[in-house]
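Following: one structure in structure tokens, then a few remarks.
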Amino acid sequence: MGRAEGFPDPLPEGVKFSEQVRLCLEADLLPDGSFGRQWLVVAGDQVTILREDGRTTFPLRELKEPKAEPVVGGGILTAKHNGRPVELVHYTNSRSGKFSEAAKLLEKWSRGEEAEWEGKEEERCPKCGFPLEPGTKVCPVCTPKRRTLVRLAGYLKPYWPQAIGLSLLAILNTALGLLPPYLNKPLMDEVLAPKGHVAPLRERLKLLGILVIILALSRVLMAAVGAAQGWLSAWLGNRITHDIRSRLYHHLQYLSLSFYDRRQMGTVISRINQDTGQLQRFLVWSVQDLIVDSLLLLGIGVVLFWMNWKLALWVLVPAPLVTFVAQAFWHKLRLYMHRFFYRWSRLNALLSETLSGLKIVRAFAQEPREVSKFTKRSWELAYTGVQVERAWALAFSGTSLLIMLGTILVWYVGGRQVLFERISLGTLMAFLMYVGMFYAPMRALSWLVNWCSRSLTAAERVFEILDTRPEVEDAEDAVPMPRIEGRIEFRDVSFGYEKNKPVLKEVNLEVRPGEMIGLVGHSGAGKTTTINLICRFYDVDSGEILVDGVPLRKIRLQDLRRQIGIVPQDTFLFSGTIAENISYAKPDATREEIIRAAKIANAHDFILRKPDGYDTVIGEGGQGLSSGEKQRIAIARAVLHNPRILILDEATSQVDVETERQIQEAIGRLVKGRTTIAIAHRLSTLKNADRLVVLKEGRVVEVGTHDELMEKKGEFYRLVQTYREVSKVRAVER
Amino acid sequence: MHFWHGGRPPGGAPKPGPSIPLPKELSTEFRVLKPEALRFFREGGSLGLEVDGKIYENVKVVPLFPLSDDEGWISVIDEDGREIGIVERLRSLEPESQRALREELRKRYVVPRILKVRSCREHFGLVEWEVETDRGPRRFLTRNLRETAQRMGVRLMFSDVDGNRYDVPDLRALDPKSRALIERYS
Ligand SMILES: Nc1ncnc2c1ncn2[C@@H]1O[C@H](COP(=O)(O)OP(=O)(O)OP(=O)(O)O)[C@@H](O)[C@H]1O
Ligand SMILES: [Mg+2]
């Protein structure tokens, strides 16, 4: 196939190669580290680095060990030429995916192998340019934006009768509100200060009575409607917010762990709290204010023009000014409010952090520093709070002044008209009252419009989470697996938490059903990562993991997780009783089962001595228990789960050797017929293992039984030697 | 009504007592390379180091405090990944070494510093930035900064959609327009 213009990136304009171009990649850094364009071109069997001002060429065969070496913020494609390292091209993270693929390709080509560019076609949203997940077409950023209002309205759907009721109430309320000022006209012109024909006093008294009754009735009715309206809208708004909040929480439970790796927990929490809170205020208050104010504005406007359109025109004079001033202040206000919220959440974060780390603070006598840190942040918050209020106050008085301008104009112009008897006194009075009512919704609206746009942003942020697809998701053709035998296979598995920084590299491993595997290696070698992949907390970058011969991606997650029991390295217990924690994965466990699990984990004896036994309440994160006790509860929890695959990540690292031996014996009985993967630094922990797997810097370097590996005198032998020496020293010291 | 104007909060916090310095003997593994006995040189695509007459080829350098002190405390690592030692101050080296080391650091730690924000456009929930950095002009996309930005005092760091990080060492030092643009989106 001839791809003359270059692949996957186009060749720069006007550049030609006489031989066929097999690969062309554009890099975005120059050799000196500044931004600029360079191209890596493979044409025929020549590798060319093309710069704006020249080119360097190497014969493909002479480039040995091409590597995409990661650096902070990007990478360098390096190779050995005549035994000397050369840096071919430099690039930022934007291009590093492509260059690591290119490195693999160069490696194969330089060995004379046939290979094709397999890099995933990196797709970007055609509209906004956001990089899309491979295989998806829906952009998570721009697609949902335009539909926010529609979606919000969608949440209203189940409650449409209430929503319609609410709208009717709003209209009624507005109409009622328009009545009282109008009563001014008959009050003045017929009762108090009639001109021309004057009715007898009794009739005027009677009319006064009627007017008072109408006024009183309308006020009572308005109060009732207002109350009903407030209640109904609160009901509706809270329902909808509750719906959204629950959806959000539900979704958060299923999002992949890498979603959380990338974010601070604090910002996720603030999304749930702040954004749904804002949404609630918006739905409960702003929406109905928006409706009522618009109706009011319209209604009053119509009445004013109907009463006297010439005078009404004067009323409109300050209107554009009010809107303008409100807009101008809005920008400042938004900045301050944003700062205020930001500082508020920072203060909260500090508070929760120091309170949970109180022990450390005390231990290192850092109370004064923590106090002053808090004081400082609290002060910043107070200061911003004042800024916000000041901006509000200024904006408010500014607009009030402008509004008064309108009233002043009407006084003067209208007063003259009354004096020249062009309109009646009653008309002016009623008019003035309407004018007073006219500006309030106008001012409110100019704020509300902005406020709504803010709330819509909050809604967008919430929807953004709702639209984030769980990265680890059941495939459409996922198969149920009611009973897993326990065969686990790793085939060329590579994985990194951050792209292009592989933690596991081409791992191959086969675990037989019922086998106990000991995973050993230095800290940071990738042991926990390996089991994270088995549990499918993360998906592999390349290669495949199979359980019972079925690719992990094809197994229903529920089935997989239900049959894996894990005792994680850092024990996490929920606040609740000990029994609740043990039966976390099996809430319907009987007392007997709980006790049996505790016995296997060797936890029974210490639980016995707790004042409330199995009903002892432990605090958040397992406060009130020793580390070893927490670990044993975690073991009991995994045991009660009765898994087909048991994973013990440093499960007994915090208990003494004797207790460990007892737990091992119990687990030994338990694990018969179950696949077990155990990780331990204390190598004696793994003496029951059928086979040991040694990991080093993300690669499997040795596999075999304990004796085989000792004989081989390789990596494991060295580990054992150091371990022995250290234990000997310890023994002497004792 | 009072208007506060920043400054110190009322009633300062008590100061903790002086701390006891760490005894020097404790830090046996810690080798600070003496600038006099040190020479960095470039050799083809890689960096070499000569210490006390001993030559290391293909050394890697890692800034240990890239944000708070980008020209100090630089760890030098040999081909096998062992630390040879630490350069305490880049400026104390002779000019030739300084140049070689600086060049290498710039390649190994690609976090552009933003000097000026030319423009900033929001569309469909992404912000498109056009900035001037210490590595030249750059155009990139970010999501709303509120999510990704890290604030450390006056410093602000944020990432674009590809995971590249950008550094604003001191927000106050930017020109008012750039600052306003950044503050609008963060
Ligand atoms: N969530 C994460 N995000 C980014 N990097 C990670 C993450 N978790 C682990 N790493 C990195 O991956 C590498 C392997 O970590 P892993 O937890 O698998 O080590 P380990 O072999 O279990 O070590 P240990 O014996 O100390 O538990 C480490 O370099 C670690 O820094
Ligand atoms: Mg681990």
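Tabulated results
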item: Verdict on B:Gly81 being open to solvent by less than 60 Å² (accessible area, probe 1.4 Å), at pLDDT below 90 and more than 10 Å from chain A (Cβ to nearest Cβ); result: no
item: Per-region count, segment A:505-527, residues crowded, with 18+ Cβ neighbours inside 10 Å and under 31 Å from the mean Cα position of the chain (by Cα); result: 3
item: Residues satisfying the stated conditions in segment A:295-308, i.e. open to solvent by 50 Å² or more (accessible area, probe 1.4 Å) and touching a residue at least 24 places away in the same chain (Cβ under 8 Å); result: A:Leu295
item: Of residues in segment A:363-383 being open to solvent by 60 Å² or more (accessible area, probe 1.4 Å) and in a helix (DSSP H, G or I), the one farthest from the other protein chains (Cβ to nearest Cβ); result: A:Ala363
item: Among residues of segment B:131-164, those that are more than 25 Å from A:Tyr336 (Cβ to Cβ), in contact with a Ser or Thr (Cβ under 7 Å, 6 or more places away or on another chain), assigned to a strand (DSSP E or B) and modelled with pLDDT under 90, counted; result: 1
item: Number of the exception - A:His251 against (1) of a type outside the set (A, V, I, L, M); (2) more than 27 Å from the chain's Cα centre (by Cα); (3) part of a helix (DSSP H, G or I); result: (2)
item: Those residues of segment A:193-208 which are closer than 26 Å to A:Met222 by Cα and among the aliphatic types (A, V, I, L, M), in sequence order; result: A:Leu205, A:Leu207, A:Leu208
item: Filtered residues of segment A:328-383 (kept if over 19 Å from A:Thr457 (Cα atoms), among the hydroxyl-bearing types (Ser, Thr, Tyr) and within 27 Å of the chain's Cα centre (by Cα)); result: A:Ser352, A:Thr354, A:Ser356, A:Ser378
item: Candidates A:Gly177, A:Gly237, A:Gly196, A:Gly226 - the one that is in a helix (DSSP H, G or I), farther than 30 Å from A:Gly154 by Cα and not aliphatic (A, V, I, L, M); result: A:Gly177
item: Residues being within 35 Å of the chain's Cα centre (by Cα) and either open to solvent by 60 Å² or more (accessible area, probe 1.4 Å) or farther than 19 Å from A:Ser94 by Cβ (or both) - total across segment A:23-42; result: 1
item: Residues being within 16 Å of ligand 1 (Cβ to nearest atom) and either within 14 Å of chain B (Cβ to nearest Cβ) or under 17 Å from A:Lys599 (Cα atoms) (or both) - total across segment A:649-683; result: 2
item: Filter result (farther than 11 Å from A:Ala634 by Cα and either of a type in the set (Gly, Ala, Ser) or surrounded by 19 or more Cβ atoms within 10 Å (Cβ to Cβ) (or both)) within segment A:571-584; result: A:Ser575, A:Gly576, A:Ala579
item: Identity of the residue in segment A:523-541, of a type in the set (S, T, N, Q) and closer than 15 Å to A:Glu498 by Cβ, that ends up farthest from ligand 1 (Cβ to nearest atom); result: A:Asn532
item: Unique residue being of a type in the set (Asp, Glu), more than 30 Å from A:Ile240 (Cα to Cα) and either more than 12 Å from ligand 1 (Cβ to nearest atom) or not in a loop (DSSP other than H, G, I, E, B) (or both) when the list is A:Glu460, A:Glu510; result: A:Glu510
item: Matching residues in segment A:637-650 - criterion: being more than 31 Å from the chain's Cα centre (by Cα) and either open to solvent by 20 Å² or more (accessible area, probe 1.4 Å) or under 14 Å from A:Phe574 (Cα atoms) (or both); result: A:Asn642, A:Arg644
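The values are calculated or read from the model by the stated rules, or taken from the named source; none is laboratory data. In this text the structure is predicted, and so the values were computed from the model without any measurement. Don't worry about glycine lacking a Cβ; one is built from the backbone with ideal geometry, like all the others, and counts go over all protein chains shown. The accessibility values were calculated without ligands, DNA or RNA, using every heavy atom of the protein model including side chains. Shrake-Rupley method; radii C 1.70, N 1.55, O 1.52, S 1.80 Å.
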